[in-house]
Amino acid sequence: MSDDDETVSHLTDKQKIEITKWFLLNSPAGEIQYVAKDIRAILKNEMVYRTAAAEAFPLYNKSHMICLEFPDRSGEVMVTTFNEIDENEYLDPRTAQVAMVDHVKQVCEDTRPANDEELPSSYIEEYRFALDAEIMKYVSEVYPKGVCSVYCVNGKDVEEPGSDFELVVIICAARHSPQNFCNGSWRSIWNMEFKDELQTVEVRGKLKVGAHYFEEGNVQLDANHECKDSTIIQPPDDCAVSLTNIIRHHETEYLNSLQTSYSNLPDTTFKDLRRKLPVTRTLFPWHNTMQFSLTRDIQKNLGLENSK
Amino acid sequence: MEAAMGLMRRIPPKHSEAALSALLSLLPDHSSDLLSQVDQPLQVLCDVDSGKEFILCEYNRDADSYRSPWSNKYHPALEDGPYPSPELRKLEIEANDVFAIYRDQYYEGGISSVYMWEDENEGFVACFLIKKDGSKTAHGRRGYLQEGAWDAIHVIEVGPEEEGTARYCLTSTVMLSLTTKDESSGTFNLSGSIRRQMNMDLSVAEGHLCNMGKMIEEMEGKLRNSLDQVYFGKTKEMVCTLRPPSELVQTRLPDS
């Protein structure tokens with residue numbers, strides 16, 4: 001190999017795959033296809049790109065909980081770790097279908113009816129269905145472009161009272177407006193643990209809000225919050241209402257706290273980085289810096305070393 | 001290169017260092033382009049002679065050593081590193097002193113360094129750097145920030161003097177990240193970088209330092225303002241588009 005060839009790249013394919021995955025996984029919400037296009041152009045190596053994409057896209061899609069339309073447009077499926085049957089199959093309990101997903105293209109290619117063993121028991125389904133209905137109502141009220149889903153992640157075969165089970169509520173709202181150089185997403189995950197012995201439902205929420213503005217610059221918001229609450233087990237319809245109220249309460253509070261963080265920026269938080277005006281409250285006297293130089297000379301002369 | 005710059009516009013600014021080193025390893029042939037076009041967070045070293053910290057950048061680097069503006073010595077020591085001419089060094093010393101006062105008045109802390117060197121067309125180039133750690137454990141006077149970093153890089157090309165005026169071309173970059181964290185609202189992080197240019201023909205009657213300083217002050221004010229009003233504002237707008245505050249929902253309902 002000549003010296004010239006060596007400078008082209010000293011990385012192994014394995015290292016290149018790792019780097020490519022890193023870029024793909026760090027793409028902001030809704031931007032992985034743009035990042036993929038750029039990194040692919042830089043790599044000029046289809047094998048490396050394809051290997052990295054095949055590994056990174058499923059992880060990205062699940063962590064961003066992307067929502068894909070069924071091929072016949074009869075509904076949509078969310079891609080999350082909670083409804084994953086295998087890497088390319090995701091359950092939509094609302095229509096009792098399983099969606100076949102192409103991760104890299106980010107499309108749903110086909111659907112099939114879910115098997116009985118993939119669906120929860122009718123006892124669980126009553127809770128899941130009632131909660132799904134309430135959450136759908138709530139999401140359509142507060143998120144102009146929100147999607148949501150409710151899955152059973154533990155104890156889906158429980159047939160009657162007497163055992164624990166767990167539901168998870170996913171709420172996702174994304175906006176992509178590349179023509180305005182702006183993208184963003186709101187993601188919440190609410191785990192609901194139904195504890196039979198205590199007759200309580202333990203609620204754990206994880207909220208993540210991101211926004212990216214990139215017209216002649218690159219500025220990103222990354223906000224995360226976790227919270228907890230609980231309620232008592234009631235019949236499915238009542239339970240659905242109180243759980244939805246808990247979510248509504250915490251999400252509204254969180255939105256308020258985001259607003260507060262923003263309104264605190266100019267006078268408190270941002271000021272700790274740089275003030276708008278100097279401590280003297282007047283522009284810096286650049287025309288008069290001789291006086292500073294004189295002060296310096298005096299200080300030097302008073303010190304041990306002479307300025308000459 | 002275009003694709004590399006495209007990636008730098010998308011990857012979260014807080015990961016820009018990692019992204020740059022990844023790009024450098026993928027594109028070794030473009031390393032000088034990448035290093036000159038992608039700004040990265042500033043590093044500091046301590047000047048062993050003066051005990052003061054100084055900022056490292058491409059402009060005070062030779063081989064693996066960096067020249068301190070305080071002692072004018074390379075760290076680690078270097079046999080034949082380049083130095084500004086005695087006349088320019090005099091201006092550099094003055095600029096460092098004055099800029100430190102400017103920095104203290106606006107930043108209430110932080111570190112600054114100014115470097116100057118002659119360029120090929122009878123003028124010179126000056127680089128003004130500021131690094132501020134505004135977190136509550138460092139120089140954050142008000143103690144609101146869990147983490148807070150502001151890095152400003154101002155490079156001014158000063159053209160040769162003609163009939164009492166000179167042309168000043170300023171390119172400024174600000175990189176920042178701020179995080180607040182508490183029980184009730186979780187972690188809230190905004191990070192970003194923007195770069196702008198400004199050109200001016202100015203009379204040199206009041207001196208180069210006065211002209212450069214005024215331009216930098218104006219530019220920093222503009223950058224801070226557009227980060228605050230435009231860039232942060234746009235991300236806030238996005239949040240309110242995702243989930244409009246309830247007052248908006250309620251006022252909109254009667255219409256629909």
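The values are calculated or read from the model by the stated rules, or taken from the named source; none is laboratory data. Keep in mind the model is a prediction, meaning the values are calculated, not measured. Ideal geometry is used to build each Cβ from the backbone, glycine not excepted, and the neighbour counts take in all protein chains shown.
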* Residue by residue through the range A:174-206, note down the ones that are surrounded by fewer than 22 Cβ atoms within 10 Å (Cβ to Cβ) and of a type in the set (A, V, I, L, M, F, W, C). => A:174, A:181, A:182, A:189, A:198, A:203
* Asked: Does any residue of the range A:44-55 turn out to be charged (D, E, K, R), farther than 20 Å from residue A:118 by Cα and in contact with a strand residue (DSSP E or B) (Cβ under 9 Å, 6 or more places away or on another chain)?
  -> no
* Structure fact -> Within the range A:191-215, the residues that are assigned to a loop (DSSP other than H, G, I, E, B) and within 14 Å of chain B (Cβ to nearest Cβ) are A:214, A:215
* Asked: Is it fair to say residue A:247 is of a type outside the set (D, E, K, R), closer than 22 Å to residue A:126 by Cβ and in contact with a Ser or Thr (Cβ under 7 Å, 6 or more places away or on another chain)?
  -> no
* Asked: Looking only at strands (runs of 3 or more DSSP E) that fall completely inside the range B:119-230, which ones have 3 or more residues that are among the acidic types (Asp, Glu)?
  -> B:147-158
* To do: Identify, from the list A:89, A:31, the residue that is of a type in the set (Asp, Glu) and in contact (Cβ under 8 Å) with a residue 60 or more places away in the chain.
  => A:31
* **Residue in the range B:31-48 that is aliphatic (A, V, I, L, M), within 14 Å of chain A (Cβ to nearest Cβ), farther than 28 Å from residue B:214 by Cα and within 19 Å of the chain's Cα centre (by Cα) present** => yes
* Return yes or no: is residue B:204 among the hydrophobic types (A, V, I, L, M, F, W, C) and more than 24 Å from residue B:52 (Cβ to Cβ)? => yes
* Structure fact -> From the option list B:36, B:25, B:50, single residue qualifying as modelled with pLDDT under 95, of a type in the set (Ser, Thr, Tyr) and surrounded by 14 or more Cβ atoms within 10 Å (Cβ to Cβ) is B:25
* Structure fact -> The correct count of residues that are under 23 Å from residue B:213 (Cα atoms) and touching a Gly at 6+ places or on another chain (Cβ under 8 Å) in the range B:52-94 is 1
* Asked: Looking at this structure, is residue B:44 in contact (Cβ under 8 Å) with a residue 40 or more places away in the chain and buried (at least 19 other Cβ atoms within 10 Å of the Cβ)?
  -> no
* To do: Among residues belonging to the range B:179-196 that are more than 7 Å from every other protein chain (Cβ to nearest Cβ) and in contact (Cβ under 8 Å) with a residue 12 or more places away in the chain, point out the one that is surrounded by the fewest Cβ atoms within 10 Å (Cβ to Cβ).
  => B:181
* **Spans of helices (runs of 4 or more DSSP H) in the range A:7-71 with at least 1 residues closer than 24 Å to residue B:235 by Cα and within 8 Å of chain B (Cβ to nearest Cβ)** => A:13-25, A:32-43
* What pairs come up if the first residue lies in the range A:183-205 and is more than 12 Å from residue B:242 (Cα to Cα) and not assigned by TED's automatic domain parsing to the domain that holds residue A:223, the second is part of a strand (DSSP E or B) and aliphatic (A, V, I, L, M), and their beta carbons are under 6 Å apart, counting only those six or more places apart or on different chains? -> none
* Regarding residue B:1, is this residue within 10 Å of chain A (Cβ to nearest Cβ) and either within 17 Å of the chain's Cα centre (by Cα) or touching a residue at least 60 places away in the same chain (Cβ under 8 Å) (or both)? -> no
* Is it fair to say residue A:110 is over 29 Å from residue B:241 (Cβ atoms), of a type outside the set (Gly, Ala, Ser), free of Cβ contacts under 8 Å to residues at least 12 places away in the same chain and outside the structural domain of residue A:58 (by TED's automatic domain parsing)? -> no
* Which numbered condition trips up residue A:222, out of (1) more than 7 Å from every other protein chain (Cβ to nearest Cβ); (2) within 27 Å of residue A:143 (Cα to Cα); (3) in contact (Cβ under 8 Å) with a residue 12 or more places away in the chain; (4) in contact with a strand residue (DSSP E or B) (Cβ under 7 Å, 6 or more places away or on another chain)? -> (1)
* Asked: Condition test on residue A:133, is it touching a helix residue (DSSP H, G or I) at 6+ places or on another chain (Cβ under 9 Å), in a helix (DSSP H, G or I) and small (Gly, Ala, Ser)?
  -> yes
* Structure fact -> Given (1) under 25 Å from residue A:285 (Cβ atoms); (2) surrounded by fewer than 21 Cβ atoms within 10 Å (Cβ to Cβ); (3) charged (D, E, K, R); (4) facing chain A (nearest Cβ under 9 Å), residue B:132 misses just (2)
* For residue A:102, work out the one condition from (1) surrounded by fewer than 17 Cβ atoms within 10 Å (Cβ to Cβ); (2) on the phi > 0 side of the Ramachandran plot it doesn't fulfil. => (2)
* Number of the exception - residue A:283 against (1) in a loop (DSSP other than H, G, I, E, B); (2) more than 7 Å from every other protein chain (Cβ to nearest Cβ) -> (2)
* Structure fact -> In the range A:232-278, anything more than 14 Å from chain B (Cβ to nearest Cβ) and either more than 19 Å from residue A:188 (Cα to Cα) or modelled with pLDDT under 95 (or both) is listed as A:232, A:233, A:234, A:235, A:236, A:237, A:238, A:239
* Structure fact -> Note: among B:210, B:240, just one is within 12 Å of chain A (Cβ to nearest Cβ), without any contact (Cβ under 8 Å) to a residue 60 or more places away in the chain and in contact with a His (Cβ under 7 Å, 6 or more places away or on another chain), namely B:210
* **residue B:176 being crowded, with 21+ Cβ neighbours inside 10 Å, at pLDDT below 95 and under 22 Å from the mean Cα position of the chain (by Cα)** => yes
* Asked: Quick check: is even one residue across the range B:70-87 in contact with a strand residue (DSSP E or B) (Cβ under 8 Å, 6 or more places away or on another chain), within 14 Å of chain A (Cβ to nearest Cβ) and either modelled with pLDDT of 95 or more or farther than 27 Å from residue A:284 by Cβ (or both)?
  -> yes
